[in-house]
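K.L.:
Below is a structure I'd like to ask you about.
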Amino acid sequence: MLPAAGMLAMGAFFGSTQAALTAFAGELGAAETAGLLYAALGLTSAVAALSVAAWPAKFTLAARWTACAGALTALAFLMLVPHSLGAMAAMMLLVGVPVGPIMVTVYGLGGRLAPAGRMGTAMTALASGLVAGVALGAGTAGVLAEGGGSPAALAAPLVCAAALALLGATSLLLPRGHARPAA
């Protein structure tokens, strides 16, 4: 359940970020650029996800999740700072760095915790959590944007990142061995 909750929070981060960026770009008269802002996050997320294969084995899955989600929380707070498209694009490049490693880690932990013969079910639960989270996050940030503009909407990814950090810290409580990196 812990990895599924993590993927729900990750999806909510994605959905709320996308909605908040749309509100942000729209307020600057450039709503059509919201997808490019979001793509900047995806770019660095993908590169960082690939780097996880080279991370040291002593950096456990629980520690990875906690550290990366802590970094994401700090960066999500800083998403409130930019006031131009260029500054927000640069911010999104930074925000993407911990995202990919969180996803790789949570999927890895989900696979490690899956009961014997239930790997397919576990992976389906993780993917479903991600999709449900996107819908939840986008809807929530959309409502916040309508009521308070992009500053209000940008609070939603921050809350989602903090939830990911809390779940990551909870993963540190798993019995030793469950949260170690896969070989």
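The values are calculated or read from the model by the stated rules, or taken from the named source; none is laboratory data. These numbers come from a predicted model, not from an experiment. Ideal geometry is used to build each Cβ from the backbone, glycine not excepted, and the neighbour counts take in all protein chains shown. Side chains are part of the model used for accessible areas, which takes the heavy atoms of the whole protein and leaves out ligands, DNA and RNA. Shrake-Rupley method; radii C 1.70, N 1.55, O 1.52, S 1.80 Å.
K.L.:
Whether any residue in the stretch 63-79 is closer than 16 Å to residue 2 by Cα, surrounded by fewer than 21 Cβ atoms within 10 Å (Cβ to Cβ) and not charged (D, E, K, R) is what I want to check.
P.N.:
Yes.
K.L.:
Select from the stretch 151-178 the residues that are assigned to a loop (DSSP other than H, G, I, E, B) and modelled with pLDDT under 95 and write down the one among them that is surrounded by the most Cβ atoms within 10 Å (Cβ to Cβ).
P.N.:
Ranking the candidates gives 174 first.
K.L.:
Taking the stretch 68-89 on its own, how many of its residues are without any contact (Cβ under 8 Å) to a residue 24 or more places away in the chain and in a helix (DSSP H, G or I)?
P.N.:
4
K.L.:
If I filter the stretch 36-44 for residues that are out of contact with any Cys (no Cβ under 7 Å at 6 or more places or on another chain) and over 29 Å from residue 167 (Cα atoms), do I get at least one hit?
P.N.:
Among the residues of the stretch 36-44, at least one is out of contact with any Cys (no Cβ under 7 Å at 6 or more places or on another chain) and over 29 Å from residue 167 (Cα atoms), which makes the answer yes.
K.L.:
A follow-up question, please. Would it be correct to say that residue 57 is small (Gly, Ala, Ser), open to solvent by 50 Å² or more (accessible area, probe 1.4 Å) and not in a helix (DSSP H, G or I)?
P.N.:
Yes.
K.L.:
Going through 94, 136 one at a time, which residue ends up being of a type outside the set (Phe, Trp, Tyr), within 15 Å of the chain's Cα centre (by Cα) and within 21 Å of residue 52 (Cβ to Cβ)?
P.N.:
94
K.L.:
How many residues does the stretch 108-134 hold that are open to solvent by 70 Å² or more (accessible area, probe 1.4 Å), assigned to a helix (DSSP H, G or I) and either aliphatic (A, V, I, L, M) or in contact (Cβ under 8 Å) with a residue 60 or more places away in the chain (or both)?
P.N.:
Here the count works out to 2.
K.L.:
If you take the residues in the stretch 31-47 that are open to solvent by 60 Å² or more (accessible area, probe 1.4 Å) and among the hydrophobic types (A, V, I, L, M, F, W, C), which one is farthest from residue 104 (Cα to Cα)?
P.N.:
Out of the qualifying residues, it is 36.
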